[in-house]
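To start, the structure itself, in C-alpha cells.
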C-alpha cells in the first residue's frame with residue numbers, strides 16, 4: 001500500500017522562499033513579476049505577497065491532487 005506524504009506548512013513556505021531566492025540569485029525575478037510596479041514600494045509589496053500566496057496555494061493544490069496532505073489544511 002502506498003503511503004500518502006504529509007507536508008507541513010513550514011516546509012511549503014521554505015520551498016516558496018527558496019524558489020523566489022533562486023529567481024533573485026539568477027536575476028530572473030523580474031520575469032515572474034513583469035506586471036508588477038517596481039517603482040512604487042507599496043504596490044510592489046502587495047503584488048509580491050499575492051505572488052507568494054499564489055505559489056503556496058499552487059503547491060497545496062498540487063499536493064492534494066496527487067493524494068498528499070498538508071498539515072493544518074483541510075481540503
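Numbers for the structure displayed
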quantity: Yes/no for residue 34 being surrounded by 11 or more Cβ atoms within 10 Å (Cβ to Cβ) and either within 14 Å of residue 12 (Cβ to Cβ) or modelled with pLDDT under 90 (or both); calculated: no
quantity: Condition broken by residue 10, with the remaining ones in (1) surrounded by 14 or more Cβ atoms within 10 Å (Cβ to Cβ); (2) out of contact with any strand residue (DSSP E or B) (no Cβ under 9 Å at 6 or more places or on another chain) satisfied; calculated: (1)
quantity: Failed item, numbered, when residue 5 is tested on (1) modelled with pLDDT of 90 or more; (2) more than 16 Å from the chain's Cα centre (by Cα); (3) surrounded by 11 or more Cβ atoms within 10 Å (Cβ to Cβ); calculated: (1)
quantity: Residue within the range 20-29 that is under 14 Å from the mean Cα position of the chain (by Cα), surrounded by 14 or more Cβ atoms within 10 Å (Cβ to Cβ) and touching a residue at least 24 places away in the same chain (Cβ under 8 Å) present; calculated: yes
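The values are calculated or read from the model by the stated rules, or taken from the named source; none is laboratory data. As the structure is a computational prediction, the values presented were derived from the model and not from experiment. Neighbour counts are summed over all protein chains in view; Cβ atoms, including those assigned to glycine, are modelled from backbone coordinates with ideal geometry.
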